[in-house]
1. If the viscosity is 1.002 mPa s and the temperature 20 °C, what translational diffusion coefficient in µm²/s does Stokes-Einstein give for segment 98-201 when Rh comes from Kirkwood over Cα pairs?
2. Please go through the residue pairs LYS131/LYS247; LYS415/LYS481; LYS371/LYS481; LYS142/LYS187; LYS131/LYS188 and name each one whose alpha carbons sit more than 28 Å apart in this structure.
3. When we measure straight from the Cα of LYS248, which lysines land under 17 angstrom away, once same-chain ones fewer than 8 places off are left out?
4. Quick one: net charge of VAL168's neighbours, Cβ under 14 Å, K/R +1, D/E -1?
5. Can you give me the pair-distance distribution of segment 423-505, C-alpha pairs, 5 Å bins, whole percents?
6. So how strong a dipole does the chain carry about its Cα centre when Lys and Arg Cβ are +1 and Asp and Glu Cβ are -1, to the nearest 20 debye?
7. Radius of gyration and Dmax for the chain's Cα atoms, expressed in Å?
8. Compute for segment 261-397: radius of gyration divided by Kirkwood radius, i.e. Rg/Rh, restricted to C-alpha atoms, rounded to two decimals.
Amino acid sequence: MIRFFSLLFALSATSVFAAEKPNVIVIMADDLGFGDLSCYGANDFETPYIDQLAAEGIQFTSGYCSASTCTPTRYSFLTGTYAFRRPNTGIAPPSSPLIIPHETTTIADVLGKAGYKTAVIGKWHLGLGEKEKGPDWNGELKPGPREIGFDYNFLLPTTNDRVPQVYVENSRVKNLDPNDPLWVGRKKPSEDHPTGITHRDTLKMDWTHGHNSTIHNGISRIGFYTGGMKARFRDEDLADEWVKQSKKWIAQNKDDPFFLFFASHDIHVPRIPHERFQGVTRLGFRADSIVQIDWCVGELMKAVDEQGLAENTLFVFCSDNGPVMDDGYADEALEKLGDHRASGHFSGGKYSVYEGGTRTPFITRWTGKIKPGQVSDEVVCTIDLATSLSKYVGQEIPENAFLDSLDVMGALLGKEGAKGRDHLVQQDNGKGGNYGFRVGDWKLQRHDSKKTRNLVVEKKLDNTPVPQFQLFNLETDPAEKNNVIDANPKIAKDLKARLQKLLDSGRTRS
Ligand code: NG6
Ligand code: CA
């Protein structure tokens, strides 16, 4: 009898009753649209590794990021709270302080409490350093990811069209020579400082708007900097570096459950893939960069296989916002686009609240756990990973955390009958902008700031004025072309009121 009880106790303390703690690798692409992968219908080039990930897991047709620009999506992913609830969550400038207050509970905090090792490798773009001071590039870049729950970080501090082009590893600029300090600023540091304007004929890729300040690696950027020459990287090497650092970190942490946020810079501008990917597609560097991120995904899958971890690792592949062609550099994305539809059959892309802004590729794979070959129409969003994963690993979520993050783990794992969200608020950039509100097949658009279509992905910028409110039926009109608000006044009234309530109440989660 005693032996029986002790056996029961041993079992309950370990496998039987303990929560399952898979490794989690979230791969977030940058500016990748719904139609940008071959498994999502792209015909002009192949993305075999991501296609494989999808074939071995679930491909979502209603997978979203929460905003149509980078910073607010990343903010919401890490904090589980809609960025429009918080100030200063629009696209972060080069010298932004950390925009997530360090007392905020993040997905990394909660997984860390559950015994996970946590890392972010790649593009950060959520600011570094203290409020009002910003980053101390030559000192400690605190607070940063380590102060909000990540054990390890290896970063591109902002985004690569912004200065400076240096890696940050655990609060320090990597390879910085103290005799050659890094200076970053908004104003030209000297009269003769070469810029994209004064030295335009020397550039290896020309700019089209903005992006004409300091030149590094033949490309002019947003913002000015000097020094830190030994610390500077080549744009061409970013993807290789993320993969190298991730493999190293996975190998070091394979004995614990781990959470890796692999924040790729592909396919954000400047799109400068490694030389071995340049020209592999007919569509120019934009699609070449898609092939490059596909390679990265393949390498991560291999790394997990080599460590024997495939059956214990949940992969989530997503994007941070929809696509854009000309985002400031003349890389021929538009000229070579041909029939490729980066947003698939949706309208809009980056910066817009049309579906193309936030409805993006979304794939989950967990070998042996998720039934392969599934396609799911359930609505899931990057913002939901915080609550879904925390609950799955048996963690309590503090009352004031993850305010808009819902538990959709059943849908993410493809459980029979499991539901995703019944509603989702989409936003463009920052606080007080424009909103999309999807409820079932209905989509309400609310334009508080820019009252134009603002569709930059299509061949020409479409800035046709729009009324403050528009209503679309996504089932019959996924491209949001026919505003049916006048024909459906009751539905419109109800959705307007529900959206207003979500904005006013400060939270979704009860
Ligand atoms: C915009 C930039 C754009 C891109 C974007 C951020 C100009 C004219 N445009 O302000 O190039 O950097 O910010 O992109 O400077 S994101 O994907 O990181 O949100
Ligand atoms: Ca982005």
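1. After rounding, the answer is 142 µm²/s.
2. On the way: LYS131/LYS247 33 Å; LYS415/LYS481 34 Å; LYS371/LYS481 36 Å; LYS142/LYS187 24 Å; LYS131/LYS188 24 Å.
Checking Cα-Cα distances, LYS131/LYS247; LYS415/LYS481; LYS371/LYS481 exceed 28 Å.
3. Cα-Cα hits under 17 Å: LYS117, LYS174, LYS302.
4. Details: positive: LYS123, LYS142, ARG146, ARG162, ARG172, LYS174, ARG232; negative: ASP136, GLU140, GLU147, GLU169, GLU241.
Its environment carries a net charge of +2.
5. The percentages, shortest bin first, are 3, 14, 25, 27, 20, 8, 2, 0.
6. Magnitude of the dipole: close to 1160 debye.
7. Here Rg and the maximum Cα pair distance are 22.5, 87 Å.
8. On the way: Rg = 17.0 Å, Rh = 17.0 Å.
Ratio of gyration radius to Kirkwood radius for segment 261-397: 1.00.
Each reported figure results from applying straightforward, stated rules to the coordinates on display, with no laboratory input. The shown structure was predicted, so the numbers you read here are calculated from the model rather than taken from an experiment. All Cβ positions, even for glycine, are placed from backbone atoms using ideal geometry, and neighbour counts span all protein chains on display.
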